[in-house]
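Single-structure report; data block below.
The values are calculated or read from the model by the stated rules, or taken from the named source; none is laboratory data. The structure presented is a predicted model; accordingly, all values stated were derived computationally and were not measured. Every residue, glycine as well, gets a Cβ built from its backbone with ideal geometry; the counts of neighbours run over all protein chains shown. Ligands, DNA and RNA are excluded from the accessible area calculation, which covers all protein heavy atoms including side chains. Shrake-Rupley method; radii C 1.70, N 1.55, O 1.52, S 1.80 Å.
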Amino acid sequence: MIHRIDSVADPSRLPYTVCVLLENLVRRAGSEHVTDADVQALANWPAPAEGAQLAFMPARVIMQDLTGVPAVVDLAALRSAVARRGGDPSRVDPQVPVDLVVDHSVQVDAFGSSAAYERNIEHEYGRNGERYALLRWAQGAFGNFRVVPPGMGIVHQVNLEYLGAVVAVRDGVAMPDTLVGTDSHTTMINALGVLGWGVGGIEAEAVMLGQPIYMTAPQVTGVRLSGGLQSGVTATDLVLTMTERLRQHGVVGKFIEFFGPGLGSLTVADRATISNMSPEFGATASTFPVDDETLRYLRDTGRSPEHIELVERYTKEQGLFHTGSEAEPAYTETLDFDLSGVEPSLAGPRRPQDRVPLPRVGASFADAFGAGRNGGGLGDGSVVISAITSCTNTSNPALMVAAGLVARKAVERGLTTKPWVKTSLAPGSRVVIGYLRKAALMEPLEALGFDLVGFGCTTCIGNSGPLPEDVAGAIERDDLKVAAVLSGNRNFEARIHPAVRANYLASPPLVVAYALAGTVNADLTSEPLGEGSDGPVFLRDVWPTADEVSEALAASFSPDLFTDEYGRIFEGDERWRSLPVPEGELYAWDPDSTYVREAAFFSHDADLSDIVDARVLALVGDSVTTDHISPAGAFAPATPAGQWLVEHGVEPRDFNSYGARRGNHEVMVRGTFANIRLRNALVEREGGFTRHLPSGEELSIYDAAQRYGEEGVPLVVIAGREYGSGSSRDWAAKGSALLGVRAVIARSFERIHRSNLVALGVIPLQFAEGDSAESLGLDGTETYTIRGLAGLDVGSHVEVEVNGGQRSFTCLARLDAPADVKVYRDGGLLQMVMKQLMA
């Protein structure tokens with residue numbers, strides 16, 4: 001059921017999100033960025049105010065290393081550019097606290113042994129020493145900048161368990177803790193009642209330098225929770241169901257708030273699993289209120305009694321504390337969600353919103369790939385990667401203990417993991433291993449091959465490492481369609497491993513179960529996991545009861561685990577402490593470096609000239625993700641990026657990944673649109689290829705863009721719905737801009753990527769309702785002319801001329817706020833900041 005409202009008469013019924021944003025404006029009213037009229041406009045929410053915009057200033061910024069390193073490179077390059085122009089480079093310095101957590105670089109090279117963790121972190125330092133030295137320089141060169149070293153945890157779990165304050169104190173003033181992060185899953189902190197969301201790296205850099213985030217008044221969707229989860233149903237099943245329903249309903253760019261009688265049945269850990277996947281259902285943020293459960297979580301994770309008392313007193317006095325007796329907030333719209341209707345589920349094989357009930361997993365694989373069952377060995381449908389990974393689920397102690405209990409019961413019944421399955425355990429916090437050991441659950445997990453491989457994102461972001469040679473050889477030789485099952489949040493094609501076609505998201509206990517079964521071509525509700533010492537063993541035989549999970553947690557979970565681990569979170573190990581620490585106000589750029597190069601984004605001014613006779617670089621369909629545009633994983637020597645590295649003396653074994661090379665624009669521009677599963681309608685084959693026109697020659701997208709550049713031909717990209725969904729990575733926009741793309745024409749854009757395009761001076765254009773490349777008969781061989789870019793404003797429409805004006809169609813220029821207009825006219829966000837610094 002859906003309910004909508006038009007106006008709010010009672011200010012006490014303002015949604016939590018609006019209250020936090022309103023406090024942010026009231027506290028800063030009269031400053032350079034906030035007028036009394038701005039405050040009044042939001043206080044009148046949701047009544048529209050002509051031209052009103054919110055200048056939101058977060059209390060802090062968080063980063064992970066794959067997005068944080070290029071941000072540091074940008075800031076270092078900005079310092080260098082300011083110095084070259086005679087300015088004061090020290091003005092390029094964070095004005096708000098910044099925490100960068102190194103979690104995206106560890107790969108699963110070693111697995112299935114007690115030595116796996118040490119071997120993997122040794123490889124990590126060997127590959128990334130140059131990047132880490134840059135971070136060590138940043139620690140000393142910038143104020144308000146802290147780094148959590150490798151091997152300590154995943155940024156969002158560290159944020160939830162330690163960094164998140166709920167109530168922050170700045171200069172003696174208490175205020176709601178708010179933030180933005182350079183990762184789309186920053187929303188996980190919403191589970192604590194902390195408002196925060198993911199932004200592009202360049203947008204975060206602007207916040208660090210004191211610039212607010214400009215936004216229009218939020219649309220807030222309330223989700224009324226009722227009932228409770230049934231026995232055997234997990235928080236993972238809940239979030240996969242929520243993702244399916246909210247993506248179907250349409251909440252892109254909206255703020256979600258959860259409330260209702262079912263709220264109290266969800267722990268903060270359950271709430272975090274839901275909030276983490278906010279990007280997967282498209283919402284900007286997915287917030288839970290501060291309540292007694294929030295205070296309980298703060299106590300359980302070792303926060304100080306004094307701080308917990310401050311949180312309770314502040315939120316109650318400010319009307320932000322939820323007791324359940326308040327009047328229902330007046331949301332833009334309200335949806336109903338019955339927790340009792342959730343069933344055991346996975347999601348896949350290609351998108352997180354494609355939920356599959358547990359009994360239908362085999363059928364979903366057959367539907368997607370036309371492949372049936374094999375004879376029982378390695379074949380189509382075999383699970384070759386089974387990974388307990390990602391903060392999405394490893395932050396939830398009940399899920400992790402359940403996985404350990406499944407492993408214990410399986411070992412007791414004589415089951416073993418299938419030999420072709422690569423298993424791994426990579427929790428988002430060191431605390432997880434602490435309570436699993438205290439509960440005597442690490443030993444059975446290790447017996448099944450789930451040894452600790454690292455404290456980082458690993459398989460969830462594609463750092464799954466190589467498959468065993470015999471498995472990889474069989475997949476290639478027999479063209480097998482194999483699967484991965486992981487407890488992550490994304491499963492886009494080619495994201496998890498290039499050789500794996502099907503990727504299913506699942507709860508940690510189901511990850512263990514599929515490692516035992518060895519295939520997705522089975523109904524685990526009715527077919528055995530395997531043959532045990534006393535006959536066939538079914539999932540129901542090893543699945544733990546709620547009481548068993550509770551008992552294990554009671555015996556192992558304690559606040560001292562958190563205070564012990566987080567008391568040394570910034571120290572790092574001996575490897576980190578022994579790294580060289582470059583000094584100086586300006587970073588000393590190494591012209592021979594293949595990891596860190598001075599960014600090229602300050603070498604051009606705004607180009608607002610007409611786009612005349614542009615060619616299409618890529619014509620793509622719906623749901624093209626930032627992984628398709630700027631992949632993060634490994635790449636081959638034959639790719640443009642691989643060729644550049646080889647030319648610069650790097651052996652293929654030392655390529656590392658695109659993600660690790662994001663501090664080097666030479667590699668990243670060559671990797672733009674280089675995903676091996678990209679489908680560009682201009683060519684027949686998958687991968688990063690296109691057709692140069694009018695010659696008709698098939699080239700890599702990078703090589704074609706270079707030729708077009710030499711010919712003075714501007715470029716456009718044409719796409720379907722949800723263009724730029726997925727990760728927040730700004731390199732999807734940076735790479736597009738460096739390739740010479742002036743405009744992207746799509747049926748719809750995901751929020752962060754639209755903002756990133758504007759921040760790079762690329763104009764996002766949206767087809768009129770009902771129009772698409774297909775309906776307009778566009779095949780990508782045409783030329784496109786777009787005039788009047790210098791005069792674009794909020795709500796402007798442009799005429800796109802096809803083939804010299806033989807026909808045309810109208811698009812909306814997605815400059816959504818006055819701040820977008822200024823950024824675009826200045827040539828990009830960093831160019832705008834540069835002008836302000838030099839002024």
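A few notes on this one:
- Some residue of the stretch 204-213 being under 23 Å from L505 (Cβ atoms) and buried (at least 21 other Cβ atoms within 10 Å of the Cβ): no
- Once the stretch 154-173 is narrowed to residues that are touching a Lys or Arg at 6+ places or on another chain (Cβ under 9 Å) and not β-branched (V, I, T), the residue that is most open to solvent (accessible area, probe 1.4 Å) is Y162.
- Candidates R615, R597, R575, filtered to the one that is among the basic types (K, R), within 29 Å of G720 (Cβ to Cβ) and surrounded by 16 or more Cβ atoms within 10 Å (Cβ to Cβ): R615
- I274 being within 15 Å of I189 (Cα to Cα) and modelled with pLDDT of 95 or more: yes
- When restricted to residues that are part of a helix (DSSP H, G or I) and open to solvent by less than 40 Å² (accessible area, probe 1.4 Å), the stretch 543-552 contains 2.
- Qualifying strands (runs of 3 or more DSSP E) (wholly inside the stretch 154-264; at least 2 residues being at pLDDT 95 or above): 167-170, 173-176, 178-181, 195-198, 220-226, 255-259
- Some residue of the stretch 797-807 being of a type in the set (K, R), surrounded by fewer than 14 Cβ atoms within 10 Å (Cβ to Cβ) and assigned to a helix (DSSP H, G or I): no
- Unique residue being part of a helix (DSSP H, G or I), in contact (Cβ under 8 Å) with a residue 12 or more places away in the chain and closer than 27 Å to V158 by Cα when the list is L295, L346: L295
- Filter result for N393 (in contact with a Ser or Thr (Cβ under 9 Å, 6 or more places away or on another chain) and either over 30 Å from C19 (Cα atoms) or surrounded by fewer than 24 Cβ atoms within 10 Å (Cβ to Cβ) (or both)): no
- Candidates G642, G649, filtered to the one that is surrounded by fewer than 20 Cβ atoms within 10 Å (Cβ to Cβ) and at pLDDT 90 or above: G649
- Count - residues of the stretch 333-350 that are closer than 24 Å to F258 by Cα and surrounded by 20 or more Cβ atoms within 10 Å (Cβ to Cβ): 7
- Among the conditions (1) touching a strand residue (DSSP E or B) at 6+ places or on another chain (Cβ under 7 Å); (2) open to solvent by less than 10 Å² (accessible area, probe 1.4 Å), N664 misses just one, which is (1).
- Hits in the stretch 418-453 - residues which are more than 30 Å from A472 (Cβ to Cβ) and within 26 Å of the chain's Cα centre (by Cα): S429, R430, V431
- Going through (1) under 22 Å from A705 (Cα atoms); (2) of a type outside the set (A, V, I, L, M); (3) part of a helix (DSSP H, G or I) one by one, R653 falls short only on (1).
- Restricting G449, G434 to residues that are within 20 Å of Q107 (Cβ to Cβ), touching a helix residue (DSSP H, G or I) at 6+ places or on another chain (Cβ under 8 Å) and of a type outside the set (F, W, Y) narrows the list to G449.
- Sole exception among (1) more than 28 Å from D779 (Cβ to Cβ); (2) open to solvent by less than 20 Å² (accessible area, probe 1.4 Å); (3) not in a loop (DSSP other than H, G, I, E, B) for A632, by number: (3)
- Restricting the stretch 518-542 to residues that are outside any loop (DSSP other than H, G, I, E, B), more than 30 Å from the chain's Cα centre (by Cα) and not acidic (D, E), the residue that is farthest from T625 (Cα to Cα) is G535.
- Checked against (1) touching a Leu at 6+ places or on another chain (Cβ under 7 Å); (2) surrounded by fewer than 22 Cβ atoms within 10 Å (Cβ to Cβ), L295 meets all criteria but (1).
- For the stretch 584-594, the candidate set comprises residues that are open to solvent by 60 Å² or more (accessible area, probe 1.4 Å) and touching a helix residue (DSSP H, G or I) at 6+ places or on another chain (Cβ under 7 Å); within that set, the residue that is farthest from L830 (Cα to Cα) is E585.
- Scanning the stretch 373-386 finds one or more residues that are over 21 Å from R540 (Cβ atoms), open to solvent by 20 Å² or more (accessible area, probe 1.4 Å) and of a type in the set (A, V, I, L, M, F, W, C).
- Any hit, the stretch 301-308, residues being open to solvent by less than 10 Å² (accessible area, probe 1.4 Å), at pLDDT 95 or above and over 30 Å from Q248 (Cα atoms): yes
- Search result, residues across the stretch 750-760 that are open to solvent by less than 10 Å² (accessible area, probe 1.4 Å) and farther than 17 Å from G181 by Cβ: L757, V758
- Being closer than 30 Å to G68 by Cβ, part of a loop (DSSP other than H, G, I, E, B) and of a type in the set (D, E) is a condition met by no residue of the stretch 609-625.
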